[in-house]
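The values are calculated or read from the model by the stated rules, or taken from the named source; none is laboratory data. Values in this document were obtained by computation on a predicted structure and should not be read as measured data. Cβ placement follows ideal geometry from the backbone for every residue including glycine, while neighbour counts extend to all protein chains displayed.
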Amino acid sequence: MTKTTPPKATDPLLTHEALHMASFLMRSVDAELLEHPAIQENEDWSTLAEKAHQALFVLYQSIGAESLRDGGKET
């Protein structure tokens, strides 16, 4: 996906919401998928669920780092 417009400053509330949702989804993947017996019994599914969890963790860390870089300042 290519962007044709320059990026604009993100509303801190939207950043916080995205951070919260990344955390929520990461916990949901952990509790509802990684701990599910069917997922645990199937190595392929378990690997995919772990990748989903890891991707959400990386997203969470990236959003958090960006919000710290901005100093949490409202623009």
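Taking the conditions (1) modelled with pLDDT under 95; (2) crowded, with 16+ Cβ neighbours inside 10 Å in turn, Thr5 satisfies each one other than (2). When Leu19, Leu48 are checked against the criterion of being more than 12 Å from the chain's Cα centre (by Cα), surrounded by 12 or more Cβ atoms within 10 Å (Cβ to Cβ) and modelled with pLDDT of 95 or more, a single residue qualifies: Leu48.
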